[in-house]
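First up is the structure itself, then whatever we jot down about it.
Just so it is clear, none of the values below were taken in a lab; they were calculated from the coordinates. Computed from a predicted structure; not experimentally measured. Heads up, the Cβs are rebuilt from the backbone with ideal geometry, glycines too, and the neighbour counts pull from every protein chain shown.
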Amino acid sequence: MSLESKIMDHMKTAMKAKDTVALEALRAIKSAIIMAKTEAGATEGLTEDQEVKMLQRLVKMRKDSAEIFTAQNRPDLAEPELIQIAVIEGFLPAQLSEEEVEAIIAKIIAETGASGIASMGKVMGLASAQIGGQAEGKVISGIVKKLLV
């Protein structure tokens, strides 16, 4: 089942349950899918990798918004953002723990013989390709820096 059809099914459920916050998140995902299809000029659906990147971008936008609202002492605005994050993350692949990410990156560093911060780009490229959408880029880069220094 494609992401788009999963979203449509969840939208129907959210409409029946009158869950406006979840519905808003699902509509944002559907809108992003349509925009991505239009940009690519694709007649068929997006690749799984493109879908994961799009979902991660939507989560990051909402996390940034929630942080800003929290900093401005606006929990009434931050709460819907956090709920939407949970809804969107439900469509992402299972996230790896920091320990699992660290083990993968340590293996990559050992295989490539990378040492020092100058090798960070090479390690980041390999790690991002191998880990894919299972961890945030921020987490990956933090662990790479920690292991290379």
Requested in this report: Normalising by the residue count of the chain, find the relative contact order in percent from Cα pairs under 8 Å and 6+ residues apart.
Outcome: 21 percent
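Please state the shape class of segment 1-67: rounded when a/c is under 1.5, otherwise prolate if a/b exceeds b/c and oblate if not, all from the C-alpha gyration tensor.
Because a/c hits 1.5 or more and a/b fails to exceed b/c, segment 1-67 counts as oblate.
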Report summary line: Once normalised by the length of segment 71-145, the mean sequence separation of its alpha carbon contacts under 8 Å that are 6 or more apart gives a contact order in percent of 38 percent
Report task. Under 12 Å from the Cβ of Met8, count the other residues' Cβ atoms, weight Lys and Arg +1, Asp and Glu -1, and hand me the total. Result -> +2
Report task. Under 1.5 on a/c is rounded, so check that first for segment 1-122, then, if it is not, pick prolate when a/b is larger than b/c and oblate when it is not; a ≥ b ≥ c are the square roots of the alpha carbon gyration tensor eigenvalues. Result -> oblate
Query raised in the report: Relative to the first principal axis of the alpha-carbon coordinates of the chain, what is the inclination of helix 75-89, with its axis defined by its Cα atoms, in degrees from 0 to 90 and to the nearest 10?
Result: 70 degrees
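Round to the nearest 0.05 the FRET efficiency obtained for Val149 and Lys53 when R0 = 30 Å and r is the Cβ-Cβ distance.
According to the calculation, E is roughly 0.60.
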Report task. Please report the orientation-averaged projected area of segment 51-91, defined via the convex hull of its C-alpha atoms, in nm². Result -> 2.4 nm²
Query raised in the report: Cross-link list Lys30/Lys122; Lys30/Lys107; Lys63/Lys145; Lys16/Lys37; Lys16/Lys53; Lys53/Lys146: which exceed 32 angstrom alpha carbon to alpha carbon?
Result: Lys30/Lys122; Lys30/Lys107
Query raised in the report: Could you give the length gained on full extension between Gln95 and Ala71, defined as 0.36 nm per residue of separation minus the Cα-Cα distance, in nm?
Result: 6.0 nm
